[in-house]
Amino acid sequence: MSSVESLVHQVKYFLSELTTGTLDSISDQIIERANKRDGKTLGRVVQLIFERAVDDMTSFEMYAQLFSRMMDRMSEEIEDHEDQDGEGKPILDGQLFRTFLLHSCQDLFERTWMRKEVTAVAVALKNTDSKVIGTSTTKNKIGKVRKYSKEHCATQKANQQKLGFIKITSELFRLQMLPEHIMHEQLKKLLGNVNPEEEDIESLCIIFTRAGSILDTPKAHARMDVYFRRIRELAKNPNVNSRMRSMLQVRQLFFNIGLG
């Protein structure tokens, strides 16, 4: 086993033991080992933690705290010559960590949304096939039920990962560890759906609850007005269930954007 593989194995073990009670000791262990490596290895460690945070969406605040501690305590000796500043110099310590965090976020953003969209298309095609082909035998029916179950599970997993991604990125943005454009990209994706699913509405509410007041700056007023106008439309959309519409209306009142 190479030194990098050994570190990855150790980090995975530490993450499996991570709780709010062990955060201090676990973060110390991970930071100590990450600080002895090169930039590429640090990038791999950041990616591992980010993926774990997305899958374990109930503990997103804990993972955000872990990231914050790591960024504050990165060694100046860690560098990656592929990531350079405006003067062509290697990016170091906390700034390099922030760069790797952004890379991981962008990679997961693309993979999470792509997985969700591909899964939705597969389910739609399967539903169409079922209507056209039918199920003439019990064997065919059983086969279709099994396929539907797999697709349903895939859809559920994709929805959960998207919610997990929304939670961790909203918290990291709130802690000023991710740039503003990451949040706007997510909002544009979510608000662009003509008939959003419950998970989309829930994701919107998470972003506005945790990061909305930070996003709503004078320079972003025009963009935020577009978001709020779309939220008003969704709050009146009969295709959105009543519970989700109520959640949107609460956010409207919170931001004083009216219901009319």
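Per-residue HN-Hα couplings for the stretch 3-20, Karplus 6.51 cos²θ - 1.76 cosθ + 1.60 at θ = phi - 60°, whole Hz, x for Gly and Pro?
After applying 6.51 cos²θ - 1.76 cosθ + 1.60, I find 5, 5, 4, 5, 5, 4, 4, 5, 4, 4, 5, 4, 5, 5, 9, 6, 9, 4 Hz.
Under 14 Å from a point placed 7 Å out from the Cα of SER2 along the Cα-to-Cβ direction: which residues of the stretch 29-58 have their backbone N that close?
38-45
Quick one: Karplus J couplings for the stretch 60-77, per residue in order, coefficients 6.51, -1.76, 1.60, θ = phi - 60°, nearest Hz, x for Gly and Pro?
Per residue, the Karplus-derived 3J(HN,Hα) values read 4, 5, 5, 5, 5, 5, 4, 4, 4, 5, 5, 4, 5, 10, 6, 6, 6, 7 Hz.
Give me the one-decimal nm value for the distance between modelled label points at ARG111 and GLU32, 7 Å along each residue's Cα-to-Cβ direction.
2.9
No value in this document is a laboratory result; all are computed from the given coordinates. Remember, predicted model here, so these are calculated numbers, not experimental data. When we count neighbours, we look across all protein chains shown, and the Cβ atoms used for this are built from the backbone with ideal geometry, even at glycine.
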